[in-house]
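One structure is given below, encoded as structure tokens.
The values are calculated or read from the model by the stated rules, or taken from the named source; none is laboratory data. Values in this document were obtained by computation on a predicted structure and should not be read as measured data. Here Cβ is always computed from backbone atoms with ideal geometry, including for glycine, and neighbour counts include all displayed protein chains.
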Amino acid sequence: MTDYPMRQIIDGDGALVDDRYKDQLTPELVVEMYKKMVFARLFDRKCVNLQRQGRIGTYVPFEGQEASQVGSALAMREDDWMFPTYRDHGATLTFGHSLKNILMYWNGRYEGAVPPEGKRIFPPAVPIASQLLHATGAAWAEKKKGTDRIAIVYFGDGATSEGDFHEGLNFASVFQIPVIFFNQNNGYAISVPTTRQMHSRTIAQKAVAYDMEGIRVDGNDVCAVYFAVKEAAEKARRGEGPTLIEAVTWRYGAHTTSDDPSKYRDQSENELRRKTADPVGRMEKFLKRYGYWDEHLKAYETEATAEIETAVKAMESEPAADISHLFDYVFAASPWPIEDQKADYHRLKGGVR
Amino acid sequence: MKTAVKTREITLIQAITEAMDTMLERDPSVLVLGEDVGVNGGVFRATDGLYEKYGEDRIIDTPLAESGIIGTSIGLAMNGFKPIAEIQFFGFIYPAFNQIVTHATRIRGRTLGRFTVPMVIRAPYGAGVRAPEIHSDSMEALFTHMPGIKVVVPSNPYDAKGLLIASIEDPDPVLFLEPMKLYRAGRKEVPEGYYKVPIGKAAIVKEGTDITILSYGAMMPIVLKAAEKAEKDGIRSEVIDLRTLFPLDRELIQSSVEKTGKVIIVHEGHRTNGLAAEITALINDTETAFLSLKAPIQRVTGFDVPVPMFSLEEAYLPSIEAVYDKIRFLAEY
């Protein structure tokens, strides 16, 4: 009952190891997956550099988790709901979030949490596991409204220790809500390894308690992630309820740019994983091995870098943060204490006493 | 015979580490629990070196679950241990709110003293360090409002160590809020080893006769700078560091107000039902202080809006200018 073998479609050497998906791996799809992962990685590295240069605030890197984030986001329908954490901008940008706004988020700006018009992307959850319930509620609303839209919610291994994780799974199970619980098990909740976080061997097995399907997938294999999420999505759309997916992955970098991972883990493991299990490298090997590689893909990095630089310029040419964002969005109509305090702020700023 | 106590200059966060180290050494029932407090030494390094010194049975990396940390600490405290529970950021305490408000604060009363909860909850609080969302809250008033828990906020290394030791030795739950902006803001003389600063006692950090300014924690440097600026105008402010928010030091507040007759209260927490509201009521309730007032009590506080993302946090926080403005207002009143 607790045996959850890890699903894999492409192995570390780029070899197709599950023939069932052969026909669905169209050249368009595999090239798209590769490009989105390259883009996400370049974006992530750019953000780490911007933080080091003091051009944005504390940043949360996701390098190493591109297959999990890109594969899951591509498997969703564009009108579905997405509930990310603070480490999932690789998923939100793949799903159509504004690059400039994601950058603004890390620059401490409210605009950063606003998705493009029509995109159903919630602001990143900063508290741990709280978003599982929001996703469950939003998907419940779709079910009540009779649509076939569904929700996907992202969370890490540490989140499974919070009460909200269990409450989210239970609600979704009781009311058979069309939501996908997408866990990225990257091995560490800041410094605490998964082996210390839980005594269970897998996260997928936690689905058993809620009589829910649990799936364990190689989170560095973009194809395996993509099809696991796609199948869970189709199931949810058919009204057959929620799924818990555990994508086993690894973050190469720090928890945030304020963290020093050498305090708690052997950093040489990163290099080994880059060689044997890197999500982007593996896909490149696959594309070359099966004849999907095309020289224009080499030039794609330049193209992506230019797009990212344009977004950085746009972010940096924004005027200073608007003070109305502090006062005018707490309520639809500000009650007198906020109006008074706002007036007082402007009076003092104006040098009037 | 008294031996000379050695002192050194250390930071506020080093003082906190020393307080825990001192008590872990003196009292085998003291435990430290929290997220990343062990191997990692805490995200701010508050527990640095303690895991190596005391081992994983006493410096405990817990699962990522604030309600779990506080709830199990209650059980440990009821059954012979003195847990120091670290909540990584004050803004992460809310999942544990239920455990604090329904259990930690009530067990002594519910069992007429048979069971007690001698635990300390440590949490870094406050804005001004460009931290991500939810990392900068200053919700101390939620806890001063709550019966059954003491609330302590140091503003300098000496007080931080002495107050934390007093909190660990206190027989009841203590919420110990650490101004993260001041963690490494400067070094102060701190004695080695064991000493206590009493809970419930405020301190006059600058004497004056014209205006009483009451504040605490990360606002103290702001208040002192504003007071110094006003000093050049010939206005002598008396600056008081409250240090404990529940119970307040009624006597010191009273005697200072009677001396000056003018009061400003400064805190970065939200205004409505914040500490300033309670202190204003306390002065009202203390007849001799109330009758000595020469002007309405003034307050400079955070606004009644969520602590914003960091691009707007300086606009949110009380500034030197805002405090100075109130000093001038009262001086001319």
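Numerical summary
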item	result
Residue within segment B:58-66 that is at the interface with chain A (Cβ under 10 Å from one of its Cβ atoms) and under 21 Å from the mean Cα position of the chain (by Cα) present	yes
Tally, over segment B:49-81, of residues that are touching a helix residue (DSSP H, G or I) at 6+ places or on another chain (Cβ under 6 Å) and either more than 18 Å from A:Y188 (Cα to Cα) or not assigned by TED's automatic domain parsing to the domain that holds B:L33 (or both)	6
Checking A:G351 against (1) part of a loop (DSSP other than H, G, I, E, B); (2) touching a Phe, Trp or Tyr at 6+ places or on another chain (Cβ under 8 Å), the condition it does not meet	(2)
Helices (runs of 4 or more DSSP H) contained in segment B:100-176 and holding at least 1 residues away from chain A (no Cβ under 14 Å), farther than 30 Å from A:V126 by Cα and over 16 Å from the mean Cα position of the chain (by Cα)	B:107-110, B:157-169
Which listed residue is within 14 Å of chain B (Cβ to nearest Cβ) and under 17 Å from the mean Cα position of the chain (by Cα), from A:N220, A:N183	A:N183
Hits in segment A:308-353 (condition: more than 12 Å from every other protein chain (Cβ to nearest Cβ) and surrounded by 13 or more Cβ atoms within 10 Å (Cβ to Cβ))	A:I308, A:A311, A:V312, A:A314, A:E316
Candidate set: segment B:43-57, residues that are under 20 Å from A:P193 (Cβ atoms) and among the aliphatic types (A, V, I, L, M); chosen: the one farthest from the other protein chains (Cβ to nearest Cβ)	B:L50
Single condition B:R271 does not satisfy, out of (1) touching a Lys or Arg at 6+ places or on another chain (Cβ under 8 Å); (2) surrounded by fewer than 20 Cβ atoms within 10 Å (Cβ to Cβ); (3) within 14 Å of another protein chain (Cβ to nearest Cβ); (4) not aliphatic (A, V, I, L, M)	(2)
Qualifying residue in segment B:291-309 (condition: away from every other protein chain (no Cβ under 12 Å), assigned to a helix (DSSP H, G or I) and either among the polar types (S, T, N, Q) or without any contact (Cβ under 8 Å) to a residue 40 or more places away in the chain (or both))	yes
Residue in segment A:49-60 that is assigned by TED's automatic domain parsing to the domain that holds A:K230 and in contact with a His (Cβ under 8 Å, 6 or more places away or on another chain) present	yes
Options A:H134, A:H166; residue that is outside any loop (DSSP other than H, G, I, E, B), within 14 Å of chain B (Cβ to nearest Cβ) and surrounded by fewer than 23 Cβ atoms within 10 Å (Cβ to Cβ)	A:H166
Segment B:98-120 residues that are closer than 16 Å to B:P83 by Cα, paired with ones that are among the acidic types (D, E) and surrounded by 11 or more Cβ atoms within 10 Å (Cβ to Cβ) (beta carbon under 7 Å, 6 or more apart)	B:T116/B:D172; B:V117/B:D172; B:P118/B:D170; B:P118/B:D172
Unique residue being within 28 Å of A:E167 (Cβ to Cβ) and either free of Cβ contacts under 8 Å to residues at least 60 places away in the same chain or out of contact with any Pro (no Cβ under 8 Å at 6 or more places or on another chain) (or both) when the list is B:T47, B:T62	B:T62
Test result for A:V48, more than 26 Å from A:H255 (Cα to Cα) and of a type in the set (V, I, T)	no
Residue check, A:T195 part of a helix (DSSP H, G or I) and either out of contact with any helix residue (DSSP H, G or I) (no Cβ under 8 Å at 6 or more places or on another chain) or not basic (K, R) (or both)	yes
Qualifying helices (runs of 4 or more DSSP H) (wholly inside segment A:275-331; at least 2 residues being more than 25 Å from B:A315 (Cα to Cα) and free of Cβ contacts under 8 Å to residues at least 60 places away in the same chain)	A:296-316
Residue in segment B:242-254 that is at pLDDT 95 or above, within 14 Å of chain A (Cβ to nearest Cβ) and buried (at least 22 other Cβ atoms within 10 Å of the Cβ) present	no
Residues that are closer than 21 Å to A:Q184 by Cα, within 14 Å of chain B (Cβ to nearest Cβ) and either among the basic types (K, R) or out of contact with any Gly (no Cβ under 9 Å at 6 or more places or on another chain) (or both), drawn from segment A:89-120	A:H89
Residue among B:D159, B:D172 that is out of contact with any strand residue (DSSP E or B) (no Cβ under 7 Å at 6 or more places or on another chain) and closer than 30 Å to B:A104 by Cα	B:D159
Residue match in segment A:35-51 (condition: under 10 Å from the mean Cα position of the chain (by Cα), within 19 Å of A:V229 (Cα to Cα) and assigned to a helix (DSSP H, G or I))	no
